[in-house]
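The values are calculated or read from the model by the stated rules, or taken from the named source; none is laboratory data. Please read all numbers here as calculations on a predicted model, not as lab measurements. Neighbour counts run over all protein chains shown; Cβ positions are idealised from the backbone, glycine included.
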Amino acid sequence: MKEQFTSTVNVSGKGDSKEKAFADALSRVQSTLLKSSGKVLLRIEPQDVRVVLARESVRKERFLFFFLARERRSYSVELEITVSVSAIDVSKVDFITSQ
């Protein structure tokens, strides 16, 4: 009933700081695993994290084209994460029908 398997997941995230971009990407691991398997996930444990792409974009903003010039930075990352998953396969559970 309970099984353990290893999977590799590709996720991406964006944010206005490097930490927020990584946190956004890591928060998408569970939803990506749920889409790929029809099992009930008990535990997701990261084994390895590899950065596929890390990008910083800078744009300059000005008020009325001249005043208060500032730079806005945004970050995006794409990660390949190898996870160890403990899950319950619901299709193997025998349910008793009652009326």
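Annotations for the structure displayed:
- Residues in segment 71-99 that are loosely packed, with under 10 Cβ neighbours inside 10 Å and either under 14 Å from the mean Cα position of the chain (by Cα) or part of a strand (DSSP E or B) (or both): 71 only.
- Only listed residue being exposed (fewer than 11 other Cβ atoms within 10 Å of the Cβ) and either in contact with a strand residue (DSSP E or B) (Cβ under 8 Å, 6 or more places away or on another chain) or modelled with pLDDT of 95 or more (or both), chosen from 60, 20, 39: 60
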